[in-house]
Amino acid sequence: MARAFAFAVVIWTILLVQTVAGFAQQPGNLSPFSAPALKIGSGDLIELNVYDAPDLSGRYRVDEKGEITIPLLGPVHVEGATAEEAGTAIENRYVEAEILKPGNAHANVFIAEYATQGIVVNGAVRNPGLYPALGVRMLNDVISAAGGVLPAAASKVLITRKSDPQNPVTVDYNPDALIPVIPQVQVLPGDSIVVPSAGIVYVLGNVNRPGGFVLNGRGALTVEEAMALAGGDRKAAALNRVQLVRTLEDGRKEDIVIAVNLIQKGKAPDVAMKDGDILYVPTSVGKLATEQFITSALGIGTQITVFKTAY
């Protein structure tokens, strides 16, 4: 008996630990905000369901006057009203016309399609444009509809609410993470989404992984950090005369020769890179590349791989 009781206690303890662990692993801060009631606009598609009266139910497009024409009542103005308000108004009209009895008048209105209140998606996405808002949608769904973000996209998204255009909301966004980590943010008809482009620095030449590296919101990246992201130098790299090409505000190019070998040994200060900087690592037997050679590497003839750095 004692052995059976002890076994039961062990099983109960295991189940309790698993239950607590399950609650601990639930993602936090994912509950969407309370969406405000959306207004009906001209061109929207309205679905009307009248209780126990299928002949009075149907789908109606709001015309340029803000009206829908429904059976036995004719034109009813619904523009500017919420779905609930429109349903109540239709109920009252049917009762006033003695078509329905007060106790049996139940009309539900659903906005099936927001024709004039789509969601605008711009910035570093594959297919920017206006996307239809079939009611309230989630941020990740809208960005996916726009083809997803580009490799050079920043790790944040700006949302401008139609109801509050002066105060855009910034949301941290990592499309490479698991879905529960992506913010569960609601996007409403009329909202605008902008995915900013992050800064990019380029590391070319005699390195293990040449390409562009996204800054992900960082204002600067040092030369030593950029070399590490590029996998370090390869054999015969001339680290004593690495060339940094920077575009100035007036469009002119500035060439800076950097002794990366001294930076790595702590004998020279590290150099901060900025958006658009090009770091070229020559070989020891080659001639230092000219500005024209480096810029041509970023042209049509050469495909530069862009890498996402850590968020």
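The values are calculated or read from the model by the stated rules, or taken from the named source; none is laboratory data. Predicted model, so just to flag it, every value in this text is computed and none were measured. Quick reminder, even Gly has a Cβ in these numbers, built from the backbone with ideal geometry, and neighbours come from all protein chains shown.
So the values come out like this:
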| quantity | calculated |
| --- | --- |
| Number of the exception - Tyr131 against (1) at pLDDT 85 or above; (2) in contact with a Phe, Trp or Tyr (Cβ under 6 Å, 6 or more places away or on another chain); (3) farther than 30 Å from Leu73 by Cα | (2) |
| Out of Val245, Val203, Val194, sole residue that is under 27 Å from the mean Cα position of the chain (by Cα) and either part of a loop (DSSP other than H, G, I, E, B) or surrounded by 14 or more Cβ atoms within 10 Å (Cβ to Cβ) (or both) | Val194 |
| Set Ala146, Ala124, Ala133, Ala105: member being more than 28 Å from Gly43 (Cα to Cα) and buried (at least 16 other Cβ atoms within 10 Å of the Cβ) | Ala124 |
| Residue count for the range 48-62, restricted to those that are of a type outside the set (Gly, Ala, Ser), surrounded by 14 or more Cβ atoms within 10 Å (Cβ to Cβ) and not in a strand (DSSP E or B) | 3 |
| Check on Tyr114, surrounded by 19 or more Cβ atoms within 10 Å (Cβ to Cβ), in contact (Cβ under 8 Å) with a residue 24 or more places away in the chain and hydroxyl-bearing (Ser, Thr, Tyr) | yes |
| Residues (in contact with a Gly (Cβ under 8 Å, 6 or more places away or on another chain) and surrounded by fewer than 19 Cβ atoms within 10 Å (Cβ to Cβ)) located in the range 65-95 | Gly66, Pro71, His77, Glu79, Gly80 |
| Residue selected from the range 217-229 under the condition surrounded by fewer than 18 Cβ atoms within 10 Å (Cβ to Cβ) and within 18 Å of Lys156 (Cβ to Cβ), by the criterion modelled with the highest pLDDT | Ala220 |
| Residue in the range 28-45 that is modelled with pLDDT of 85 or more and among the aliphatic types (A, V, I, L, M) present | yes |
| Single condition Leu262 does not satisfy, out of (1) modelled with pLDDT of 95 or more; (2) surrounded by fewer than 13 Cβ atoms within 10 Å (Cβ to Cβ) | (2) |
